[in-house]
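**Q** Structure provided below as structure tokens; questions to follow.
The values are calculated or read from the model by the stated rules, or taken from the named source; none is laboratory data. Every value quoted in this text rests on a predicted model; they were computed, and no experiment measured them. Virtual Cβ from ideal backbone geometry, glycine too; neighbours counted across all protein chains shown.
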Amino acid sequence: MSVHTLKDWVIATRPWSFPASTMPVAVTMAYCYYRSSAGMAGPISSDQWIYSALALLSMILFQAAGNTWSDLHDFRHGVDTAADSFSVKILTSGQFSQREIFTLSIVLFGLASSLGVILAFSCGIEILLLGLAGVALAVLYPFLKYNAFGDADIFMTYALIPTAGVSYLMTGSYIPEATVLSIPVGLITVAILHANNTRDVQTDRQAGIKTLAMIIGNRASRVLYVAELVVPFVIIGVLIATGMLPVAACAACAVAMLPAVRNIRMIARATPGNHMQICDLDKHTAQLQLIFSMSLCLALSVCAAFISFMA
């Protein structure tokens, strides 16, 4: 067994993809802070901030576990091979053994679940139920992905469930508005997976699995990816117009439009058999997720701080 550095272990978890799990939590925290400052909800206690921070850490560990678990199954099912230039290399290159990645997955799942249990004991059975649902979706993700349900799994795991959980931790109750806000963030998260699957249609077909991108075809896949990037901006505009979000959120959207346009241009040039144009589109989409969500977080936090200062 080869000796690995801490950096090797971290890279094995694909940290560039972590915006998928952290951004829904961060946006929810910022929105709850804004609601509290604007008088739409009660004050947020220091304990509630701590619980939310633990939830954020749990989500990072949870995604890291899901990433390595998925990579292990992709390798075992021939989805990732040494000949595939786009595949994850930690197993196909022989850098890590299957046992090492399996062990890493279990350890990360255990750490994330431990934090979830602490939060459940502190905040209620609702958090435990949401956590169990998240673990089940993560464990079943390879099977669901291979049968064209990966996109739906990702949307529930990294949008609906964490938003519901964090809004409960921050306020003590479920906030429907926070779930609505999770939709634009979640769609961009799904676009990360969809970009990957659109690029890998040929190798996925050879491996004998079915993804949504494979079923609907190249043209529809490109259209769907564009929709997953455009619709979030439309939703944010509607939420601003209806007063759910402050007007400052417009500036946040404007910042994210440039990388969104770049990504749309990339997917427009991707044709069947020539997917080199989108070889890094999944990473670029994760960057867009980070810019979109962090800008929105900043806008909500600044507005909340200003309201509190003026009160």
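**Q** Looking for something closer than 15 Å to P162 by Cα, of a type outside the set (A, V, I, L, M, F, W, C) and in a helix (DSSP H, G or I) - is there at least one such residue anywhere in the stretch 63-79?
**A** Yes - at least one qualifying residue is present in the stretch 63-79.
**Q** Hey, another quick one. In the stretch 23-46, which residues are in contact (Cβ under 8 Å) with a residue 40 or more places away in the chain, in a helix (DSSP H, G or I) and either out of contact with any helix residue (DSSP H, G or I) (no Cβ under 6 Å at 6 or more places or on another chain) or hydroxyl-bearing (S, T, Y) (or both)?
**A** Answer for the stretch 23-46, where residues must be in contact (Cβ under 8 Å) with a residue 40 or more places away in the chain, in a helix (DSSP H, G or I) and either out of contact with any helix residue (DSSP H, G or I) (no Cβ under 6 Å at 6 or more places or on another chain) or hydroxyl-bearing (S, T, Y) (or both): T28, Y31, Y33, Y34, R35, S36, S37.
**Q** Kindly indicate whether any position in the stretch 274-286 is at pLDDT 90 or above, surrounded by 13 or more Cβ atoms within 10 Å (Cβ to Cβ), among the aliphatic types (A, V, I, L, M) and farther than 20 Å from A26 by Cα.
**A** Looking for residues that are at pLDDT 90 or above, surrounded by 13 or more Cβ atoms within 10 Å (Cβ to Cβ), among the aliphatic types (A, V, I, L, M) and farther than 20 Å from A26 by Cα, one finds at least one in the stretch 274-286, hence yes.
**Q** Filter the stretch 125-134 down to the residues that are in contact (Cβ under 8 Å) with a residue 40 or more places away in the chain and within 30 Å of G208 (Cβ to Cβ) and list them by number.
**A** Within the stretch 125-134, just G134 meets the criteria.
**Q** Mind listing just one residue for me: the one in the stretch 87-117 that is in a loop (DSSP other than H, G, I, E, B) and surrounded by fewer than 17 Cβ atoms within 10 Å (Cβ to Cβ) and, of those, modelled with the highest pLDDT?
**A** Keep residues of the stretch 87-117 that are in a loop (DSSP other than H, G, I, E, B), which gives 87-88, 93-97.
So of that shortlist, the ones also surrounded by fewer than 17 Cβ atoms within 10 Å (Cβ to Cβ) come out as 93-95, 97.
Values: S93: 84, G94: 86, Q95: 88, S97: 93.
For the stretch 87-117, the residue satisfying everything is S97.
**Q** Scan the stretch 240-251 for residues that are within 13 Å of A30 (Cα to Cα) and in a helix (DSSP H, G or I) and report the count.
**A** Result for the stretch 240-251: 1.
**Q** Could you grab me the full set of residues in the stretch 191-237 that are among the acidic types (D, E) and either without any contact (Cβ under 8 Å) to a residue 24 or more places away in the chain or over 30 Å from A299 (Cα atoms) (or both)? Walk me through it before giving the result.
**A** Restricting attention to the stretch 191-237, the residues satisfying the condition of being among the acidic types (D, E) are 200, 204, 228.
The answer is D200, D204.
**Q** Pick out, from the stretch 146-199, the helices (runs of 4 or more DSSP H) lying fully within it that include 1 or more residues that are basic (K, R). Write out each step before concluding.
**A** Working: elements: 150-155, 161-171, 176-199.
Helices (runs of 4 or more DSSP H) meeting the threshold: 176-199.
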